[in-house]
Amino acid sequence: MALGALNLMQRRRPVSLALQGGGAHGAFGWGVMHALYEDASLDIRAMSAASAGAMNAVTAASGAFADGPQGARARLHDFWSAVARAGALMNPSSSSVWTRMLEGFGLDAASTSMAFFNALARATSPYDLNPLNFHPLRSILDEFADFDAIRASSKLKLFISTTNAKTGALRVFTHKELSADAVLASACLPHLFQAVEIDGEPYWDGGYAANPALYPLFYRGAPRDVIIVHLNPINRDAAPTGAEEILNRMNEVSFNAPLLAELRGIALARRAVKHSAAINPPHPALRVRLHAISADEALKDMPLGSKYNTEWAFLTDLFERGRDTAKSWLAQNQRAIGKRSTMALPDSDCGWSS
């Protein structure tokens, strides 16, 4: 190995990723991860993820095992391309005959089809509409996720969040336990798919209980620098007033709440330490350096229905937004990695404090 390449490997700074879910908006996370894997100074050694973030995590990990960072980027591209092809057959927001018919009548196709879809979901169950429990992502995961390599790995730690449908409790699957079922459970929206049963327990989308869970990154020997990839905007300039805007904001608030609660817990612990010299050694959560790449600006114009839009043109637009956002963040904050946090923790009684 050339001396320059060896020095570069020695200089690479280990990081952990915390990947939120958000349906098709996971393509924004794809763009962010592409930029992070492009950065030769970073070494991604752990990922905690939920829902679409879990899909990105296992896909990127599988590509990285096969061909390093370049393999991770290529595998993510191929995964989302396959999602677009599958979505063209099933997605209510795609350019189907139904959507084009609505546009012909001068109606907002995405909003109207989403309203129809929501009404159908409230009146029926996936156990009625999909009795054979067909999941279009299962075959895609089988193609692009190498779970044997993931389970055998000693280099990369993965933590995938799910929600127990009976108890509401969080269950985090480690890389040693991972399977297609665990990832599908993490992305199981209960109005679309039947609960995924694992070891006799039914599981729903991990975003309900943790989006994603941070604590495994504190206790399992993961790198201290944690980069959180937000898909659900936290801050909005104004309160929503329209029906669709209200639904969109409710969705964002619901899927951000578990993460914000965990971050507030860290903030409270750090305040407590300031008033006590008796805590020794310091709690692992107190040593972590937190960073955030946020979709607040990049996705602020995206309605709730767009989370179901898997058209390739839309996904690649999200990818570009994610990559550009990450590159801009890296330009401003890259030197802080390994030294200090670059994000402010949320206040205990209000929202994001930055």
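The values are calculated or read from the model by the stated rules, or taken from the named source; none is laboratory data. Keep in mind the model is a prediction, meaning the values are calculated, not measured. Quick reminder, even Gly has a Cβ in these numbers, built from the backbone with ideal geometry, and neighbours come from all protein chains shown. All accessible areas refer to the heavy atoms of the entire protein, side chains included, with ligands and DNA or RNA removed. Shrake-Rupley method; radii C 1.70, N 1.55, O 1.52, S 1.80 Å.
Leaving out ligands and nucleic acids, and using a 1.4 Å probe, what accessible area per residue does region 32-87 come to in Å²?
Working: 1500 Å² over 56 residues.
Accessible area per residue, region 32-87: 27 Å².
How much FRET efficiency would the formula 1/(1 + (r/R0)^6) give for Ser154 and Ser81, where r is the Cβ-Cβ distance and R0 is 35 Å, rounded to 0.05? Before the final figure, lay out the partial values.
On the way: r = 31 Å, r/R0 = 0.87.
For R0 = 35 Å, the calculated efficiency reads 0.70.
Got a sec to turn the phi values of region 73-87 into Karplus ³J(HN,Hα) couplings, 6.51 cos²θ - 1.76 cosθ + 1.60 with θ = phi - 60°, whole Hz, x for Gly and Pro?
In residue order, the calculated couplings are 5, 5, 5, 4, 4, 5, 4, 5, 5, 5, 4, 5, 5, 5, x Hz.
Mind grabbing the accessible area of Tyr308 for me, 1.4 Å probe, Å², rounded to tens?
40 Å²
At a 1.4 Å probe, what is the % contribution of carbon and sulfur to the accessible area of region 120-256?
Numbers: 3520 of 6500 Å².
Carbon and sulfur: 54 percent of the exposed surface of region 120-256.
Could you compute the net charge surrounding Val58? Neighbours are other residues with a C-beta less than 14 Å from the C-beta of Val58; K and R count +1, D and E count -1.
Working: positive: Arg75, Arg138, Arg151, Lys157, Lys176; negative: Asp78, Asp142, Glu143, Asp146, Asp148, Glu177, Asp181.
That works out to -2.
Any idea of the accessible area per residue across region 291-332, 1.4 Å probe, to the nearest Å²? Mind dumping the intermediate values first?
Working: 1780 Å² over 42 residues.
So region 291-332 comes to 42 Å² accessible per residue, rounded to a whole number.
What residues qualify as long-range amide H neighbours of Lys157, i.e. H under 5 Å apart, gap of 5 or more or another chain, H built at 1.01 Å from N?
Ala46, Met47
May I ask for the net charge around Ala149, where only other residues with Cβ less than 15 Å from the Cβ of Ala149 are counted and Lys, Arg are +1 while Asp, Glu are -1?
On the way: positive: Arg75, Arg151, Lys155, Lys157, Lys176; negative: Asp67, Asp142, Glu143, Asp146, Asp148, Glu177.
Cβ neighbours under 15 Å give a net charge of -1.
For Thr162, what charge total do you get from the other residues with a beta carbon under 14 Å from its beta carbon, if Lys and Arg give +1 and Asp and Glu give -1?
Residues near Thr162 contribute -4 overall.
Just how much of Leu217 is accessible, in Å², when a 1.4 Å probe is used and the result is rounded to the nearest 10?
About 10 Å², rounded to the nearest 10.
Could you state the accessible area per residue of region 174-257 in Å², with a 1.4 Å probe and every protein chain left in place? Don't skip to the end; give the middle numbers.
Values: 3460 Å² over 84 residues.
In whole numbers, region 174-257 has 41 Å² accessible per residue.
With a 1.4 Å probe and every protein chain left in place, tell me how much accessible area Lys157 has, in Å² to the nearest 10.
Estimated to the nearest 10 Å², Lys157 gives 70 Å².
Using a cut-off of 23 Å between alpha-carbon atoms, which lysines can reach Lys157, once sequence neighbours fewer than 8 places away in the same chain are excluded?
Within the straight-line cut-off, Lys157 pairs with Lys176, Lys339.
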